[in-house]
1. Cα to Cα, under 22 Å, and not fewer than 8 places away if on the same chain: which lysines meet these conditions relative to Lys147?
2. With a ≥ b ≥ c taken as the square roots of the eigenvalues of the C-alpha gyration tensor of region 72-139, please select rounded if a/c is under 1.5 and otherwise prolate if a/b is larger than b/c or oblate if it is not?
Amino acid sequence: MANACALLMLLLVGVGHAESNSAPEGFGKAAFGASMKTARAALPEMKSLPVPPNAGFLGNPKLGRFVLSQQKLEGLSAPVEVELRFWEDHLWTVIVYAGSNPFDAVLQMLEAKYGPPSNRDRSPTWVWPTRNLVTAPAQQWYSIADKEIGRAAQAALMESLHQAPPPAEPK
């Protein structure tokens, strides 16, 4: 359920926009909107992620999940793990797990690359007309999503949340 809430937060951010540097275009040589085949050609080290048990939205057949391990990002001292999510065969979201990097260093790296965030609350976000960058400092990750592709994914997520069985009562 925490995963679904975090994903919902990622999908719903959409007020304001970053006034400085341009929006991210994808990850590495894989642009948002690229097919899985195109992304695999650009990032051959991409490995498919299995569907977890009781996956809910993560088990949707329209969702593809891949991981890139031990990725070096400029401005961070330790490698990170990157998850690429595809919706209906289009690169939709990039999630970067900070690993052993202090999240303050991650935020500094993001500000150096994208300018000041659109808001500076507990989870700073950057919002552009076509992309969102959402941080989750307590969980040590940030994500970048394409808004257009995300609209269909958001509808599917909302449907899966309405279909999810209620949590079991404690005994």
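FYI, it's all coordinate maths here, none of it is from the lab. Computed from a predicted structure; not experimentally measured.
1. Lys29, Lys37, Lys62, Lys113
2. Details: a/c = 1.80, a/b = 1.16, b/c = 1.55.
Oblate is the answer for region 72-139, as a/c is 1.5 or above yet b/c matches or exceeds a/b.
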